[in-house]
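Reading through the structure tokens given below for one structure.
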Amino acid sequence: MRVVSYYEWLDEATSAEDEPLSYLWAASWEEYGWKTEIACPHEAESHPLFPALLQHVETLPTVNDKKYELACYKRWCAWAFYAPALFVDYDVINFGFTPDQLNHHDGPCFFSVQGHLPMWADRPSVESMLAAMLHWSGASCHYGGRPHTSDMMILAALYRGVAESMPVTVNYGNSGWDNAKLVHFYGPRCKGRKVQLAIKHGLRNGCKWAKEALGILGASEAKTCRERLGRFCNGVGLDIGFGGWPVHLNAICVDSASVFEAGQWKPKWPNQHIIGDAGKLTWFADNSLDYVFSSHCLEDFEDTKAALREWLRVIKPGGYLVLFLPDQKTYMECCREAGQTPNPAHKHEDFGLAYVKAILAEADMPRTGIVHELWPVPGNLYSFDLVARKI
């Protein structure tokens, strides 16, 4: 049985969360026997009605960003090529809804008590929806005194009363969401945390896809933070504990050794420049570097304050200390839920954003100002960003 979603890149901020979420969506539905497909803008734009729809949507009132609203209408153009199928947003995650539970038929049929997706529809039904959208005019409601309409509001008006009686889909945080087979991770209660919340709920429900996703996201945590924090890493600087993937091609890569062989220590990685103790940067003079970057390394130091002081010592005034680190309590919770052994190298039970900020603020530390912090971060269950500028 086929289930189809739609994805369109809108901007960097939303894609940072939505792209990993779309992977979770596919994995969660496939675990319960569905064949997943994600429609794309190119397919939507090839539909004969798309030019007219594009022009008409510009005339409809909305409180949302026009680009986002257009994408909501465009998906129906793309979905027409996939019908008959079950159509669903990629932030509706599956926790046990199987194809045999779908009472589909020839016409449109909704499977939600809060909104109107998921929806089973055949090709004639999708085409009739598009025609209705093209002839719709005016506002469906008002938000804060501003007129608004949307594709879902139009469908609600057209197909009122055809929803299935079984309450399959529940919005995150609403009554009964934690026992629902389909959870819609939507709204302010989960904004910026959709991936984390979906995986945590999947782990609690014993979902195989959630355990696999935790491993994949953990392995790629350095990649995701480098894409986000690389803007602070210009000039000449260090990547401490870089793990084989430097933050920037010009970064000086520092890590420990792997083995002692033929009378010398061998580097862990072929692109490693320095083997040594990252808590003693004796190779570098005071105020000599533009930045020091480190991902998931500081938590392994017994003396966090000494390590931070040493890293700040080598940074020029105006340079950046760029950190991507775990919140230890959340990390331990994730390990318990996934049945994984925690990293024994982590030294401090209370390690987290507040812990590191408190050390940086101590009077005997080099003066810094926080220019960026983020907790939680998109696509990572337990890590946080912290960037301090040396004064």
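Values in this text are rule-based calculations from the coordinates and carry no lab data. Keep in mind the model is a prediction, meaning the values are calculated, not measured. As a convention, Cβ positions derive from the backbone with ideal geometry for all residues, glycine included, and neighbour counts pool all protein chains shown.
Remark: Glu302, Glu19 ranked as Glu302, Glu19, counting other beta-carbon atoms within 10 Å and listing the fewest first.
Between the residues Pro118, His135, Ser150, the greatest Cα displacement towards the positive end of the dipole of the chain, with unit charges on the Cβ of Lys, Arg, Asp and Glu, is found for Ser150. Arranged from fewest to most other beta-carbon atoms within 10 Å of their beta carbon, Cys233, Cys72 become Cys72, Cys233.
What does the charge dipole of the range 222-390 about its Cα centre add up to, to the nearest 20 debye, if the Cβ of each Lys and Arg holds +1 and the Cβ of each Asp and Glu holds -1? Mind showing how you got there, number by number?
Details: 18 positive and 21 negative charges, 99 e Å.
Approximately 480 debye in magnitude.
Given N residues in the range 2-219, what is Rg(Cα) / (2.2 N^0.38 Å)? That ratio works out to 1.00.
In debye, nearest 20: dipole of the chain around its Cα centre with unit charges on the Cβ of K, R (+) and D, E (-)? My answer is approximately 480 debye. Spin-label model, Lys316/Ala139: points 7 Å from Cα along the beta carbon direction are separated by 5.4 nm. Among the listed pairs Lys329/Lys357; Lys280/Lys390; Lys181/Lys208; Lys35/Lys67, which have their C-alpha atoms separated by more than 23 angstrom in this model? Lys35/Lys67, as the Cα separations exceed 23 Å there.
Here the range 222-390 is treated as a sphere whose radius is the Kirkwood value from Cα pairs; by Stokes-Einstein at 25 °C and 0.890 mPa s it diffuses with a coefficient of 149 µm²/s.
Stretched out straight at 0.36 nm per residue, the stretch from Arg336 to Asp350 would grow longer than its current Cα-Cα span by 3.3 nm.
Relative to the current alpha-carbon distance between Asn174 and Ala157, full extension at 0.36 nm per residue lengthens the span by 3.8 nm.
Working note: 222 nm ellipticity from helices only, DSSP H runs with n ≥ 4, each -39,500 (n - 2.57), summed and divided by the residues of the chain, gives -10000 deg cm²/dmol to the nearest 500.
How would you rank Tyr68, Tyr82, going from fewest to most other Cβ atoms within 10 Å of each one's own Cβ?
On the way: Tyr68 13, Tyr82 20.
Result, fewest neighbours first: Tyr68, Tyr82.
Take every DSSP beta bridge whose two residues both sit in the chain; close to 50 percent of them are antiparallel. Between Ala85, Ser294, Pro246, the Cα set farthest toward the positive side of the dipole of the chain (charges on each charged residue's Cβ, about the Cα centre) is that of Ser294.
Here the dipole of the range 317-370 is about 120 debye; that uses its Cα centre as origin and unit charges on the Cβ of Lys and Arg (positive) and Asp and Glu (negative).
Model label points for Ile370 and Glu58, set 7 angstrom from Cα along the Cα-to-Cβ axis, are 4.5 nm apart. Each 5 Å bin from zero up to the one holding the largest Cα-Cα distance in the range 1-71 carries the following percent of pairs: 3, 13, 19, 20, 18, 15, 8, 3, 0.
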